[in-house]
Amino acid sequence: QVHLVESGGGLVQAGGSLRLSCAASGIIFSRNDMAWYRQAPGKQRTFITRISSSGFTLYDASVKGRFTISRDNAKNTVYLQMNSLKPEDTAVYYCNTLPNSREWGQGTQVTVSS
């Protein structure tokens with residue numbers, strides 16, 4: 001029912017930037033809070049940022065000041081602008097609704113080289 005498709009990942013050098021996209025369907029997008037998560041190799045998936053239906057944002061300290069979450073309700077899409085990337089940002093990045101849907105997407109791989 002809920003379908004989430006992440007895209008935009010890739011390999012970048014430390015200090016570089018990427019913009020991730022998450023297209024959502026099967027929900028009334030504008031009514032849902034949305035969030036980004038990441039899972040580094042050998043680690044659990046962790047929350048990094050959220051945006052409410054009204055545009056309120058919250059960031060984990062590990063990304064605050066470097067990452068920006070935004071949404072385009074007309075496109076049913078949430079974005080994650082990532083600047084000043086560090087090797088420790090290397091992970092698979094996922095989006096989801098809040099509360100979470102059990103149907104996670106495939107994620108998109110971000111690799112930051114030193």
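The values are calculated or read from the model by the stated rules, or taken from the named source; none is laboratory data. Computed from a predicted structure; not experimentally measured. Note that each Cβ is placed from the backbone with ideal geometry, even for glycine, and that neighbours are counted across all protein chains shown. Heavy atoms of the whole protein, side chains included, go into the accessibility calculation; ligands, DNA and RNA do not. Shrake-Rupley method; radii C 1.70, N 1.55, O 1.52, S 1.80 Å.
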Of the conditions (1) more than 21 Å from N83 (Cα to Cα); (2) open to solvent by less than 50 Å² (accessible area, probe 1.4 Å), the single one that C22 does not satisfy is (1)
Here the qualifying pairs (Cβ atoms under 8 Å; residues six or more apart or on different chains; first in segment 50-67 and under 23 Å from G15 (Cα atoms); second buried (at least 18 other Cβ atoms within 10 Å of the Cβ) and acidic (D, E)) come out as V63/D89
Within segment 36-51, the count of residues that are under 15 Å from E6 (Cα atoms) and surrounded by fewer than 17 Cβ atoms within 10 Å (Cβ to Cβ) comes to 1
In segment 84-106, anything closer than 17 Å to D60 by Cα, touching a residue at least 60 places away in the same chain (Cβ under 8 Å) and open to solvent by 60 Å² or more (accessible area, probe 1.4 Å) is listed as S84, K86
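Under the condition of being among the hydrophobic types (A, V, I, L, M, F, W, C) and either open to solvent by less than 50 Å² (accessible area, probe 1.4 Å) or modelled with pLDDT under 95 (or both), which residue from segment 3-13 is farthest from the chain's Cα centre (by Cα)?
From segment 3-13, those among the hydrophobic types (A, V, I, L, M, F, W, C) are 4-5, 11-12; that's our starting set.
In the following step, the residues that additionally are either open to solvent by less than 50 Å² (accessible area, probe 1.4 Å) or modelled with pLDDT under 95 (or both) were identified as 4, 12.
On the way: L4: 11, V12: 17 Å.
The selected residue is V12.
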All conditions in (1) open to solvent by less than 60 Å² (accessible area, probe 1.4 Å); (2) part of a strand (DSSP E or B) are true of V63 except (2)
When R31 is run through (1) within 16 Å of H3 (Cα to Cα); (2) touching a residue at least 24 places away in the same chain (Cβ under 8 Å), the failure sits at (2)
Over segment 73-83, the set of residues closer than 17 Å to S17 by Cα and open to solvent by 50 Å² or more (accessible area, probe 1.4 Å) is Q81, N83
With the first residue restricted to segment 3-28 and required to be of a type in the set (K, R), and the second required to be modelled with pLDDT of 95 or more, Cβ contacts under 9 Å at 6 or more apart or on different chains are R19/G8; R19/Y79; R19/L80; R19/Q81; R19/M82
Checked S54, S70, S30 against criteria (touching a strand residue (DSSP E or B) at 6+ places or on another chain (Cβ under 7 Å), open to solvent by 40 Å² or more (accessible area, probe 1.4 Å), on the phi < 0 side of the Ramachandran plot and not β-branched (V, I, T)); the one match is S70
